[in-house]
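Participant: The structure that follows is given in the form of structure tokens.
The values are calculated or read from the model by the stated rules, or taken from the named source; none is laboratory data. The model shown is predicted, which means the values in this text are computed figures rather than measured ones. Positions of Cβ are backbone-derived with ideal geometry, glycine not excepted, and every protein chain shown enters the neighbour counts.
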Amino acid sequence: MDLRAIAMGLIFAFMWSSAFTSARIIVMDASPLFSLAVRFLISGLIGVGIALALGQTWRLTRGQWRATMIFGLCQNALYLGLNFVAMQWIEASLAAIIASTMPLLVAMATWAIYGDKLKPLGVLGLLAGVAGVALIMGTRISAGVDFFGVLLCVIGVLALAVATLALRGATSGGNFMMVVGLQMLVGSAILFVAAPLTEEIFVNPTLRLGLAFAYTTLVPGLMATFIWVLLLNRIGAIRAATFHFLNPVFGVAVASVILGEKLGLLDMIGVAVVTLGILAVQLSRQAAPK
């Protein structure tokens with residue numbers, strides 16, 4: 001892994017993790033699914049416009065079209081949609097911690113579906129990740145966490161794992177920015193249908209809503225997704241997923257600084273255990289013989 005890939009991974013991890021805090025701010029003043037649908041529409045149109053300016057075309061490979069549709073449904077409509085809804089009841093730091101388990105789920109899925117072998121370090125990492133999440137959830141349950149919000153986040157992270165596996169087909173054939181833009185438009189179309197059926201649409205125009213919406217649309221929404229697709233193409237899904245081990249740290253840190261969310265000692269220990277577990281799994285996968 002070269003220095004450029006490392007820099008891309010660090011930037012992506014921070015941008016991605018900060019989205020939980022900006023989402024928490026948005027849902028204070030706007031209905032979650034409608035605001036997310038608008039965000040994807042804007043980001044998608046910008047992405048497609050940039051792609052056309054770069055000379056990219058709509059002529060994607062069959063694998064890219066399939067991955068674009070799955071990614072638009074699983075990451076944008078399900079993962080982000082469910083997280084936006086859940087953020088009405090749970091803290092951004094908890095949503096970030098749940099989402100950070102995605103690499104563990106991808107490792108388990110590739111073992112179960114593709115027969116990939118995990119070394120002892122990887123097995124220990126999976127066990128550590130499960131133990132860390134259990135520790136965090138135990139403290140939150142005792143503090144009265146909203147179970148419905150947690151359930152939405154769990155379903156969302158499962159959808160994100162599917163989306164990550166689906167991107168194997170999107171990283172060949174070029175047209176990366178076009179793939180990014182189109183998968184956002186897919187998510188937008190789905191959410192524009194779902195929003196009026198599942199929520200009361202409202203918007204309370206405030207400065208914090210405008211700033212959070214602009215940030216979420218341009219930074220985590222467009223820039224982070226583009227960097228992620230490029231990173232997958234550069235170093236592959238297994239190595240790229242290593243950077244997700246930073247998500248619980250960055251996600252908790254940003255929520256603490258911007259929103260003032262507090263974490264107890266057991267929460268911090270759980271975050272550390274999950275982080276180390278994710279790192280152990282990914283390091284063991286990288287060391288595995290091809």
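Participant: Check off (1) farther than 24 Å from ILE201 by Cβ; (2) assigned to a helix (DSSP H, G or I); (3) small (Gly, Ala, Ser) for GLY144 and give me the number that stays unchecked.
Facilitator: If we test GLY144 against (1) farther than 24 Å from ILE201 by Cβ; (2) assigned to a helix (DSSP H, G or I); (3) small (Gly, Ala, Ser), just (2) comes out false.
Participant: Of the residues ARG66, ARG59, which single one is over 14 Å from the mean Cα position of the chain (by Cα), part of a helix (DSSP H, G or I), charged (D, E, K, R) and surrounded by fewer than 21 Cβ atoms within 10 Å (Cβ to Cβ)?
Facilitator: Of the residues listed, the single one that is over 14 Å from the mean Cα position of the chain (by Cα), part of a helix (DSSP H, G or I), charged (D, E, K, R) and surrounded by fewer than 21 Cβ atoms within 10 Å (Cβ to Cβ) is ARG66.
Participant: Within region 243-262, count every residue that is within 18 Å of the chain's Cα centre (by Cα) and either closer than 21 Å to ALA67 by Cβ or at pLDDT 75 or above (or both).
Facilitator: Summing the residues that are within 18 Å of the chain's Cα centre (by Cα) and either closer than 21 Å to ALA67 by Cβ or at pLDDT 75 or above (or both) in region 243-262 gives 12.
Participant: Residues in region 43-63: is at least one modelled with pLDDT under 85, farther than 18 Å from GLN183 by Cβ and of a type in the set (D, E, K, R)?
Facilitator: no
Participant: Give me the pairs, please: first residue somewhere in region 252-281 and outside any loop (DSSP other than H, G, I, E, B), second residue anywhere and charged (D, E, K, R), beta-carbon distance under 7 Å, and either six or more positions apart or on two chains.
Facilitator: Listed by first residue and then by second, the contacts come to ALA255/GLU91; ALA255/GLU261; LEU259/ARG24.
Participant: Restricting to region 89-121, name every residue that is farther than 20 Å from ALA13 by Cβ and either crowded, with 24+ Cβ neighbours inside 10 Å or under 18 Å from the mean Cα position of the chain (by Cα) (or both).
Facilitator: Residues satisfying the conditions are ILE90, MET108, ALA109.
Participant: Oh, and also: I'm checking my understanding of the structure. Among residues of region 133-142 that are of a type in the set (Val, Ile, Thr) and surrounded by 16 or more Cβ atoms within 10 Å (Cβ to Cβ), which one is nearest to ALA109 (Cα to Cα)?
Facilitator: Ranking the candidates gives VAL133 first.
Participant: Looking for whichever is part of a helix (DSSP H, G or I) and more than 19 Å from the chain's Cα centre (by Cα) here; the options are LEU152, LEU218, LEU209. Which one fits?
Facilitator: LEU209
Participant: Only one of these is modelled with pLDDT of 95 or more and within 16 Å of SER43 (Cβ to Cβ): PHE226, PHE192. Name it.
Facilitator: Answer to the selection: PHE192.
Participant: Also, I was wondering about something else. Working carefully through the options VAL145, VAL150, VAL130, find the one that is surrounded by fewer than 24 Cβ atoms within 10 Å (Cβ to Cβ), out of contact with any His (no Cβ under 8 Å at 6 or more places or on another chain) and either within 22 Å of ASN233 (Cα to Cα) or modelled with pLDDT of 85 or more (or both).
Facilitator: VAL150
Participant: Another question, if that's okay. State whether one or more residues within region 25-36 are touching a helix residue (DSSP H, G or I) at 6+ places or on another chain (Cβ under 6 Å), under 18 Å from ALA224 (Cα atoms) and surrounded by 18 or more Cβ atoms within 10 Å (Cβ to Cβ).
Facilitator: Checking region 25-36: at least one residue is touching a helix residue (DSSP H, G or I) at 6+ places or on another chain (Cβ under 6 Å), under 18 Å from ALA224 (Cα atoms) and surrounded by 18 or more Cβ atoms within 10 Å (Cβ to Cβ).
Participant: Under the condition of being among the small types (Gly, Ala, Ser) and not in a loop (DSSP other than H, G, I, E, B), which residue from region 37-56 is surrounded by the fewest Cβ atoms within 10 Å (Cβ to Cβ)?
Facilitator: So, considering only residues that are among the small types (Gly, Ala, Ser) and not in a loop (DSSP other than H, G, I, E, B), the one surrounded by the fewest Cβ atoms within 10 Å (Cβ to Cβ) is ALA53.
Participant: Kindly indicate whether ARG234 is closer than 27 Å to GLN183 by Cα, surrounded by 15 or more Cβ atoms within 10 Å (Cβ to Cβ) and at pLDDT below 75.
Facilitator: So ARG234 does not fit the description; no.
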